[in-house]
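The values are calculated or read from the model by the stated rules, or taken from the named source; none is laboratory data. All figures in this text were calculated on a predicted structure; none of them were measured in a lab. Positions of Cβ are generated from backbone atoms using ideal geometry, with glycine treated the same way; all protein chains shown enter the neighbour counts. Each accessible area value is taken on the protein alone, full model and side chains, heavy atoms only, with ligands, DNA and RNA left out. Shrake-Rupley method; radii C 1.70, N 1.55, O 1.52, S 1.80 Å.
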There are 2 protein chains.
Amino acid sequence: MKETYYLGADIGGTTVKLAVISDNGEINKKWEIPTNIENSGESIPSDIHQAFEKALDELHIEKEQIAGIGAGAPGFVDTETGYIFEAVNIGWKDFDFGKKLSDMAGLPVWVDNDANLAALGENWLGAGKGSQNLIAITLGTGVGGGIIANGGILNGANGTAAEIGHMTVIPEGGAPCNCGKTGCLETETSATGIVRKASNMLKKYPDTSMSSLIEAGNLTAKDVFRAASEDDQAAKEVLEDVFEVLGRAIANLAIAINPEKIVIGGGVSQAGDQLLKPLEAVYRKYALRRTEEATSFGIAELGNDAGVIGGAFLVKKNQ
Amino acid sequence: MKETYYLGADIGGTTVKLAVISDNGEINKKWEIPTNIENSGESIPSDIHQAFEKALDELHIEKEQIAGIGAGAPGFVDTETGYIFEAVNIGWKDFDFGKKLSDMAGLPVWVDNDANLAALGENWLGAGKGSQNLIAITLGTGVGGGIIANGGILNGANGTAAEIGHMTVIPEGGAPCNCGKTGCLETETSATGIVRKASNMLKKYPDTSMSSLIEAGNLTAKDVFRAASEDDQAAKEVLEDVFEVLGRAIANLAIAINPEKIVIGGGVSQAGDQLLKPLEAVYRKYALRRTEEATSFGIAELGNDAGVIGGAFLVKKNQ
């Protein structure tokens, strides 16, 4: 019998990441094409279709060996049909992406949002390998999430499950969030939030080692972690607060989900143990004893490949 | 073809509720037997088995018409095997309940915790009928929960999923909880918590209409709701705080689960709209717009029958 392959597509505002992946998880080819957002992103389905056709030709893979396409987009998705309610960065609104791509390619297509696909990728080949119950959190410009429970990704009633960044963690007087609320987890623990909080420390600690970066408007979350590792008091206070808020939010989520694995990804996760160890300690303080005993923590392992791998896994799970 | 029946058992510290339920959800017989907690509850499997045998005889239902037994117990359950890690009120610890009952009855047995079964019951025949994504919250002496996602009950890695009462809602200086932590949702919004908070109001409002009940140690949560409905300021402040804390916690849960239905049960839910309306308003304030648009609220409809109906539904779903 000929080998089966899965096609993964991870659609971002600038590029579409693509991959051809075999049943054992081997990446046969991985590449990018630009995201054409002209005409409200209308050409994206055919751009993806043509890119895959060309690659399969080159790889001498026949169409009947392909089980389907798994695609992710940053937005709200009807996972039953692959219909995109809205994906702001790409320009899609009420766009029947799944059906368009499926009709062109003559293949089944499954679609989910990008954070969920990243969680699925880590669940197949990364830090959350084989977990039946998993919470994946992406700490970047924003805070995203994906939840796997009973072995399946949670999408919820209208595609907003696992929008972890919008848990309210500061009920009163919190910073405004893009979603229209205030005090969301995203405003407190994203890279953006960390930079804002560190910048606000200048008044209390004018001598902080971060002062010139703050004044030049160049401070990054990475700088805050570095300053903290060099014992800068302002940076240490900011991160202590971030770990406290994030660890407690994860504990409250874990009381609902009871995961065996919590995976932290995104740019901020490059801090590694400097993030993971104190975060885990706060989590274990606030979680139920029996719940936290079941949980281990890990840093995401697949980086930018998580989405395409998750797309392939979505096909593998549904085929 | 002869009709199929499901047997439901809801094991509590005082009585075991039993029911014989047909495939269309009709309750053919419903009764109770005492829970014999002597010898660490050892006789309970055979007590249940004998009670069912007798009832099926009376009802002239043949054994081959029974698809199985679904049972609930207040504790931590391995739902794969029906093994009870611990059920304190009953005296079970490391008790192989599912296997014992299955061997005796010669029938498949599925076991889950009582709060999850109540959620399943409401999901089959009650306020959450047909919901694929549902959060059920029981406000009684404690605060319990059951979550259904993708159509299935969440159990998690070691049976502690949906232990909603132990979300931390007061991070610092909260009241001690039976679980060993402080500031849990249960300490703030259970009937017990409401009574404690109302009693603490006596200093600020010595003239509250609840004063004599507080001083006699007889105040109930029902009294607090009645006082609030009669415009008692102390009672109104207590409940306002309860709605705020509970509505926010539900919003944070809903951001993970994105439920179409939230069902409130337990003794406190007898307050009906006096609870539901303000709670829903707080929820809608804190939830993501798109998440809350998908959600409707309801009071649990099945009362004490929810557990046995959920047990029957557990069999129906798994058969």
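Every residue, every condition in (1) over 19 Å from residue B:318 (Cβ atoms); (2) out of contact with any helix residue (DSSP H, G or I) (no Cβ under 7 Å at 6 or more places or on another chain), yes or no:
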| position | (1), (2) |
| --- | --- |
| B:32 | yes, yes |
| B:37 | yes, yes |
| B:51 | yes, yes |
| B:58 | yes, yes |
| B:68 | no, no |
| B:90 | yes, no |
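For the stretch A:294-319, the candidate set comprises residues that are within 14 Å of another protein chain (Cβ to nearest Cβ) and in a strand (DSSP E or B); within that set, the residue that is nearest to residue B:155 (Cα to Cα) is A:296. Remark: pairs (first residue in the stretch B:82-96, closer than 17 Å to residue B:158 by Cα; second residue hydroxyl-bearing (Ser, Thr, Tyr) and part of a loop (DSSP other than H, G, I, E, B); Cβ separation under 8 Å; 6+ apart in sequence or on different chains) = B:96/B:81.
When the stretch B:253-278 is filtered for residues that are surrounded by fewer than 24 Cβ atoms within 10 Å (Cβ to Cβ) and either in contact with a Gly (Cβ under 6 Å, 6 or more places away or on another chain) or assigned to a helix (DSSP H, G or I) (or both), the ones remaining, listed by number, are B:261, B:266, B:267, B:269, B:270, B:271, B:273, B:274, B:275, B:276, B:277, B:278. Among the residues of the stretch A:26-33, not a single one is buried (at least 17 other Cβ atoms within 10 Å of the Cβ), among the acidic types (Asp, Glu), under 23 Å from residue A:152 (Cα atoms) and not assigned by TED's automatic domain parsing to the domain that holds residue A:165. Checking the stated criteria, residue B:190 turns out to be of a type in the set (Ser, Thr, Tyr) and either closer than 30 Å to residue A:181 by Cα or at pLDDT below 95 (or both). Cβ-Cβ contacts under 9 Å between residues 6 or more apart (or on different chains), taken from a first residue in the stretch A:266-293 that is within 14 Å of chain B (Cβ to nearest Cβ) and touching a residue at least 12 places away in the same chain (Cβ under 8 Å) to a second residue that is small (Gly, Ala, Ser) and assigned to a loop (DSSP other than H, G, I, E, B), are listed as A:288/B:180; A:291/B:156; A:291/B:157; A:291/B:161.
For residue A:186, the criteria (1) within 14 Å of chain B (Cβ to nearest Cβ); (2) on the phi > 0 side of the Ramachandran plot hold in every case but one, which is (2). Within the stretch A:126-135, the set of residues being within 11 Å of chain B (Cβ to nearest Cβ) and more than 19 Å from residue A:252 (Cβ to Cβ) comprises A:131, A:132. Counting only residues that are in contact with a helix residue (DSSP H, G or I) (Cβ under 7 Å, 6 or more places away or on another chain) and open to solvent by less than 10 Å² (accessible area, probe 1.4 Å), which one in the stretch B:39-49 is farthest from residue B:121 (Cα to Cα)? My answer is B:45. Answer yes or no as to whether residue A:229 is open to solvent by 20 Å² or more (accessible area, probe 1.4 Å), in contact (Cβ under 8 Å) with a residue 24 or more places away in the chain and not aromatic (Phe, Trp, Tyr). For residue A:229, the condition - open to solvent by 20 Å² or more (accessible area, probe 1.4 Å), in contact (Cβ under 8 Å) with a residue 24 or more places away in the chain and not aromatic (Phe, Trp, Tyr) - is met.
Would you confirm whether any residue within the stretch A:296-317 is at pLDDT below 95 and buried (at least 20 other Cβ atoms within 10 Å of the Cβ)? No, there is no match, as no residue in the stretch A:296-317 is at pLDDT below 95 and buried (at least 20 other Cβ atoms within 10 Å of the Cβ). Looking across the stretch A:194-219, the residues that are within 29 Å of residue A:162 (Cα to Cα) and either among the hydrophobic types (A, V, I, L, M, F, W, C) or more than 26 Å from the chain's Cα centre (by Cα) (or both) come down to A:194, A:195, A:198.
Pairing residues of the stretch B:232-245 that are free of Cβ contacts under 8 Å to residues at least 24 places away in the same chain with residues that are part of a helix (DSSP H, G or I), at Cβ distances under 8 Å and at least 6 apart in sequence or on separate chains, gives B:236/B:228.
Would you mind stating whether residue A:226 is within 14 Å of chain B (Cβ to nearest Cβ), assigned to a helix (DSSP H, G or I) and among the basic types (Lys, Arg)? Here the answer is no, as residue A:226 does not meet what is asked. So which residues in the stretch B:136-155 are more than 7 Å from chain A (Cβ to nearest Cβ) and either within 10 Å of the chain's Cα centre (by Cα) or surrounded by fewer than 21 Cβ atoms within 10 Å (Cβ to Cβ) (or both), if there are any at all? Across the stretch B:136-155, the qualifying residues are B:136, B:137, B:138, B:139, B:140, B:141, B:142, B:143, B:144, B:145, B:146, B:151. In the set A:175, A:191, only one residue is in contact with a Lys or Arg (Cβ under 8 Å, 6 or more places away or on another chain), more than 7 Å from chain B (Cβ to nearest Cβ) and either open to solvent by less than 10 Å² (accessible area, probe 1.4 Å) or farther than 25 Å from residue B:162 by Cβ (or both); that residue is A:175. Residues in the stretch A:83-117 that are open to solvent by less than 20 Å² (accessible area, probe 1.4 Å) and in contact with a Ser or Thr (Cβ under 7 Å, 6 or more places away or on another chain) were compared, and the one that is nearest to residue A:4 (Cα to Cα) is A:111. One residue stands out among those in the stretch B:119-135 that are among the hydrophobic types (A, V, I, L, M, F, W, C) and open to solvent by 10 Å² or more (accessible area, probe 1.4 Å): the one that is nearest to residue B:86 (Cα to Cα), which is B:124.
Here is a list: A:111, A:77, A:88. Which entry is under 21 Å from the mean Cα position of the chain (by Cα), at pLDDT 95 or above and closer than 18 Å to residue A:12 by Cβ? Spell out how you get there, then give the answer.
On the way: A:77 fails: at pLDDT 95 or above; A:88 fails: at pLDDT 95 or above.
When all the criteria are applied, what remains is A:111.
Consider residue A:160 carefully, then state whether it is in contact (Cβ under 8 Å) with a residue 60 or more places away in the chain, of a type in the set (S, T, N, Q) and more than 18 Å from residue A:247 (Cβ to Cβ).
yes
Checking A:80, A:58 one by one, the residue that is charged (D, E, K, R), closer than 30 Å to residue A:140 by Cβ, surrounded by fewer than 19 Cβ atoms within 10 Å (Cβ to Cβ) and assigned by TED's automatic domain parsing to the domain that holds residue A:33 is A:80 and no other.
Which residues, counting only those in the stretch A:156-172, are more than 7 Å from chain B (Cβ to nearest Cβ) and within 19 Å of the chain's Cα centre (by Cα)? Explain how you work it out, then say what you get.
First pass over the stretch A:156-172, keeping only residues more than 7 Å from chain B (Cβ to nearest Cβ): A:159, A:165, A:169-170, A:172.
The answer is A:159, A:165.
Scanning the stretch B:232-252 for residues that are surrounded by 16 or more Cβ atoms within 10 Å (Cβ to Cβ), of a type outside the set (Gly, Ala, Ser) and within 14 Å of chain A (Cβ to nearest Cβ) gives B:243, B:244, B:245, B:246, B:248, B:250, B:252.
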